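One structure is given below, encoded as structure tokens.
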Amino acid sequence: MLLYTFLGWLDIKSCLLFLSVCLLLADILLNRNPKNFPPGPWPLPLLGNVFTGVDYKAIDKLAAEYGSVFSLRWGREKMVFVSGYKRVKEALVDQGEIFADRPITPLFHKVFKGLGLGLSSGYLWKKQRRFAVTHLKHFGEGKKTLESFIQQECGFVCEAIREEHGHPFNPHFTLNNAVANIICSLVFGHRFDYNDENFQRILRLTARTFNLIASTRAQLYNAFPGVLKYLPGPHQTIFSNYAKVTGFIREEIEKHKADWDPSDPRDFIDAYFGEIGNRKDDTEAGFNMENLVICCLDFFEAGTETTSTTLRWGLLYMIKYPEIQKKVQGEIDSVIGQGRQPSMDDRASMPYTDAVIHEIMRIGNIVPLNVAHMTNKDTTLGGYFLPKGTTVITNFTSVLCDKKEWETAETFNPRHFLDSNGKFFKRESFIPFSAGRRVCLGEQLARMELFLFFTSLLQRFSFSPPPGEEPKLEIQEGFTLCPQPFQICASPR
Ligand code: HEM
């Protein structure tokens, strides 16, 4: 009896041992790196480097140890990280076509399904992007221009801030609503009032989703989607938030269907309806209703949080450095005065303000690890071999805060963008909008929004911290780097 139990125990033990050896062998065989693949920390069997954080600070530390091109493995998912201006440019610009695809990231794929503008690849992406760029360029031609939409919104946001009567308030959702309204005018053909509860709810869901996406627990879903899809966690909140935001977009599209006049497109949705008809023989280009929903979602997501977060950093830096705020206001007073609204024509005469906005973007570094790219051919980077299908993450922190590129990289210093005569000058390593084929599609729009909102706010108000409080430049990490929630006082000028 004793012998029988012992043999039974030995059998279970042997089976477990045999199974472990098989798993280890399978892990080694399946995850073996090709020759000359970028180095990286030793991965654990099966799990890989899941215990290595992939936030921008951890990536900087690993780059110092393994070099400007290194790799990590999460589960079976391999990622190559690229740091420093020279290498990032080598990937995104010099080999722009090869690095132009997006990897399939399970967390996003469930929602975006490889459609739309931001997460699609290949022919479909090229066609969708070209259509969106053309629409942005010609939007409002002969009618109301994007600039006048933004100027109108600047008026609304200043009015909303005036209603705070100089008391401390959190500017987050007022700015978010103002910036989102520009995208809504472009895509839906109308804006939303700042008191619209439903729209405020959508904005809050979007901001929350951006924070959750970067959390380690949500990122784990990318490594083990098959198991985690059955478990609760932040990924489930992300999916349900996206379902509500896409529901809101679908409603807008339905309303457009009801009164669409093909001869008079009012906005992106109307223009897209027309393109669905024009392109019905080119199914690969993907002009259909599902793609329209995802394109609208892309515009809404990419165009709201980014610009409004930059504006929030802008206000925070202005209360942290009141002498810089005064200098910007001095330039506004001498070039624009108080009698009219700022316009884009003023920018060329306002080098200091332009430099301050650039410096806010540089040090704000709001998309620190860019959006992931993927190689669509075998290639080399920094001398290492990257097979077709490699996920590539470019570390923008290492470029925007590179001590070799910026005189005082860690300090807020508008002189980074001014020559000795006080004239504005461009810096090659200023790449908050990325570079190459997938450079931000909304860069020109974002630059216009930042200039007009920022100058309008400082034209109308002087900003200060609540009495007795010292402004803190602390970061709230998410997909974008936001300031921690803060209160501000706005005194009319
Ligand atoms: C301060 C504001 C903004 C910043 C810092 C920013 C930054 C970025 C970055 C880093 C990317 C990824 C580029 C890459 O993959 O290499 C991107 C992509 C994108 N952005 Fe922006 N963005 C801003 C505003 C906007 C606005 C206002 C729009 C609205 C039109 C917009 C629309 C997009 C779209 C659609 C993409 C995807 C492009 C593609 O994959 O082809 N962005 N942006």
Nearest-10 value in Å² for the accessible area of Glu443, using the 1.4 Å probe: 40
Give the long-range amide H neighbours of Leu386: residues separated by 5 or more places, or on another chain, with amide H under 5 Å away, using H modelled in the peptide plane at 1.01 Å from N. Thr379, Thr380, Leu381
If ligands, DNA and RNA are left out, what is the accessible area of Met289 with a 1.4 Å probe, given in Å² to the nearest 10? 70
How large is ³J(HN,Hα), in whole Hz, for each residue of the stretch 226-236 in order, when computed from phi with the Karplus curve 6.51 cos²θ - 1.76 cosθ + 1.60 and θ = phi - 60°, using x for Gly and Pro? x, 8, 5, 4, 8, 9, x, x, x, 4, 5
Could you work out the helix-only [θ] at 222 nm for the chain, with each DSSP H run of four or more residues adding -39,500 (n - 2.57) and the total divided by the number of residues, to the nearest 500 deg cm²/dmol? -16500 deg cm²/dmol
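In Å², what does the accessible area per residue of the stretch 233-324 work out to with a 1.4 Å probe?
38
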Residues whose modelled amide H sits under 5 Å from the amide H of Ser462, counting only those 5 or more places away in sequence or on another chain, are Ser491, Arg493
Over 32 Å (Cα to Cα) among Lys57/Lys320; Lys137/Lys257; Lys320/Lys404; Lys126/Lys423 -> Lys126/Lys423
Tell me, in nm to one decimal, what length is gained between Thr216 and Tyr230 on full extension, where the rule is 0.36 nm per residue of separation less the Cα-Cα distance? 3.3 nm
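Taking all protein chains together and a probe of 1.4 Å, list Lys78, Lys244 from the most accessible to the least accessible.
Most to least solvent-accessible, the answer reads Lys244, Lys78.
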Could you tell me the accessible area of Val293 in Å² (1.4 Å probe, neighbours in place), rounded to the nearest ten? 10
Quick one: angle between helix 289-320 and the longest Cα principal axis of the chain, in degrees between 0 and 90, rounded to 10, please. 70
Sort Asp419, Asp298, Asp11 by heavy-atom solvent-accessible area, probe 1.4 angstrom, most to least. Asp11, Asp419, Asp298
How do Ser429, Ser420, Ser20 rank by accessible surface area computed with a 1.4 Å probe, from largest to smallest? Ser420, Ser20, Ser429
Could you give the semi-axes, largest first, of the ellipsoid that matches the chain, computed as the square roots of 5 times the alpha carbon gyration tensor eigenvalues and rounded to whole Å? 43, 28, 23
Explain nothing, just the number: relative contact order of the chain, from Cα pairs under 8 Å at least 6 residues apart, as a whole percent. 23
May I ask you to evaluate 6.51 cos²θ - 1.76 cosθ + 1.60, the Karplus curve with θ = phi - 60°, for each residue of the stretch 32-40 and list the ³J(HN,Hα) values in order in whole Hz, giving x for glycine and proline? 4, 7, x, 4, 6, 6, x, x, x
Around Leu44, which amide H atoms from residues at least 5 apart in sequence, or from another chain, sit under 5 Å from its own amide H, with H modelled in the peptide plane? Asn49, Val50
Acute angle (nearest 10 degrees) that the helix 2-31 long axis makes with the longest principal axis of the chain, alpha-carbon atoms: 50
Between helix 146-162 and the chain, what is the angle of the helix's C-alpha long axis to the longest principal axis, kept within 0 to 90° and rounded to the nearest 10? 80
Carbon and sulfur together cover what percent of the accessible area of the stretch 33-492 at a 1.4 Å probe radius? 54
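The values are calculated or read from the model by the stated rules, or taken from the named source; none is laboratory data. This structure is a prediction, so every number in the text was calculated from the model and none was measured. We work out accessible area using only protein heavy atoms, side chains counted, and drop any ligands, DNA or RNA first. Shrake-Rupley method; radii C 1.70, N 1.55, O 1.52, S 1.80 Å.
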